[in-house]
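Scroll down for the structure; my scribbles are underneath it.
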Amino acid sequence: MSNITVLTSGTSGIGRAIAEKIISEASEGDKLIINYGHNDKAAEEMKESFPENKRSMVDFIKADMSDYDEMLKLAEKIKKKYDHVDWLVLNTGISTYLPFDEYTYELWDKIMRTNVNIPAFLVKELKPMMAENGNILFMGSHAGQAPYSSSIVYGVSKAAVMFMARDLVKVFDEQKVSVNAIAPGFIETRWQDNRSDESRDRINRKIAAHRFGTPEEVAELCYTVLSNDYLNGSIYDVHGGYDYF
Ligand SMILES: NC(=O)c1ccc[n+]([C@@H]2O[C@H](COP(=O)([O-])OP(=O)(O)OC[C@H]3O[C@@H](n4cnc5c(N)ncnc54)[C@H](OP(=O)(O)O)[C@@H]3O)[C@@H](O)[C@H]2O)c1
């Protein structure tokens, strides 16, 4: 049977690397549905970057994953067009650099909604379509395991995401669907663009590998977890050995 993957927030950074890995391994009949929030140009450019014989395997669907109704529309489109989902990758995640004292309730609510509530309800919407031996993969963060992040709401949301991954194992038991999460450390995406050299050096000193990870290194791990049916209910760290120094 052909493999159908749904990937949220897949047009840059880690999401894009996951999409590229899946497409590089895809065979005829496989489909990859890539969600993104705003940037049509990036989606178009990404489609063009795939080898010509693989472009028809990719289906881009725009939907703002901070908005419950947009998520429902995304789910409806998937239900109309496809008859099952094998792999569901919930990669969406946003954060803030504001200090806690400057938080507003609306900001906290938006980050929790985008990182936790909407992924949970997308899983609920697509649950009836999940194929036997399917896999659900959440993008957590090491910031949800240890309180080092300056963004409290982000750490709280990622802790919730990783707990949800483990809790959903029981919910998907009868369908024989596995649920796991990835916990990356510091990864070179546009998230790190504004980081000062001083901050980068300080973090690199704490990482055993003494460098940030690449989106491709995270994508390799995601692909391994998605392809191995015996992996279930676990959180997989990919942080180069963070906090060894
Ligand atoms: N980078 C790190 O160091 C790191 C570490 C640990 C965990 N993570 C997690 O990894 C995931 C990906 O992070 P990244 O660093 O790869 O981010 P990124 O490079 O900023 O990726 C952004 C992607 O998210 C999409 N997006 C943004 N807002 C969206 C929305 N409201 N609805 C739908 N899509 C939206 C973007 O599409 P548009 O531009 O079209 O909106 C784009 O496809 C997140 O869950 C993050 O928490 C990252």
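Regarding Tyr154, is this residue in a loop (DSSP other than H, G, I, E, B) and within 29 Å of Asp101 (Cα to Cα)? For Tyr154, the condition - in a loop (DSSP other than H, G, I, E, B) and within 29 Å of Asp101 (Cα to Cα) - is not met. Screening Arg195 on (1) within 12 Å of the ligand (Cβ to nearest atom); (2) open to solvent by 50 Å² or more (accessible area, probe 1.4 Å); (3) without any contact (Cβ under 8 Å) to a residue 60 or more places away in the chain; (4) not in a loop (DSSP other than H, G, I, E, B) shows it passes everything except condition (4). A count restricted to segment 43-77 and to residues that are open to solvent by 50 Å² or more (accessible area, probe 1.4 Å), within 16 Å of the ligand (Cβ to nearest atom) and not in a helix (DSSP H, G or I) stands at 2. Over 19 Å from the mean Cα position of the chain (by Cα) and under 24 Å from Glu220 (Cβ atoms): is that true of Ser12 in this structure? Answer is no for this residue. Checked against (1) closer than 30 Å to Lys170 by Cβ; (2) more than 11 Å from the ligand (Cβ to nearest atom); (3) in contact (Cβ under 8 Å) with a residue 40 or more places away in the chain, Gly93 passes all but a single condition, namely (2). Within segment 1-10, being assigned to a loop (DSSP other than H, G, I, E, B) and either near the ligand (Cβ under 7 Å from one of its atoms) or open to solvent by less than 20 Å² (accessible area, probe 1.4 Å) (or both) holds for Thr8, Ser9, Gly10.
Might you let me know whether segment 85-108 holds any residue that is among the charged types (D, E, K, R) and in a loop (DSSP other than H, G, I, E, B)? Before the answer, list the steps.
So the first thing to find is which residues in segment 85-108 are among the charged types (D, E, K, R), and the list is 86, 101-102, 106.
From the residues that got through so far, the ones that are in a loop (DSSP other than H, G, I, E, B) too are none.
No, because not a single residue in segment 85-108 is among the charged types (D, E, K, R) and in a loop (DSSP other than H, G, I, E, B).
Just name the residue that is surrounded by the fewest Cβ atoms within 10 Å (Cβ to Cβ) out of those in segment 11-41 that are near the ligand (Cβ under 6 Å from one of its atoms) and part of a helix (DSSP H, G or I). Going through the qualifying residues, I end up with Gly13.
Looking at Lys80, Lys158, Lys127, Lys170, which is the one that is of a type in the set (D, E, K, R), open to solvent by less than 70 Å² (accessible area, probe 1.4 Å) and more than 20 Å from Val218 (Cα to Cα)?
Details: Lys80 fails: open to solvent by less than 70 Å² (accessible area, probe 1.4 Å); Lys158 fails: more than 20 Å from Val218 (Cα to Cα); Lys170 fails: open to solvent by less than 70 Å² (accessible area, probe 1.4 Å).
Residue meeting the stated conditions: Lys127.
Scanning segment 198-241 for residues that are over 30 Å from Val177 (Cβ atoms) and part of a loop (DSSP other than H, G, I, E, B) gives Ala208, Ala209, His210, Arg211, Phe212, Gly240, Gly241.
The values are calculated or read from the model by the stated rules, or taken from the named source; none is laboratory data. Owing to the predicted nature of the structure, the values given are computational and were not obtained by experimental measurement. All Cβ positions, glycine included, derive from the backbone under ideal geometry; neighbour counts span all protein chains shown. Each accessible area value is taken on the protein alone, full model and side chains, heavy atoms only, with ligands, DNA and RNA left out. Shrake-Rupley method; radii C 1.70, N 1.55, O 1.52, S 1.80 Å.
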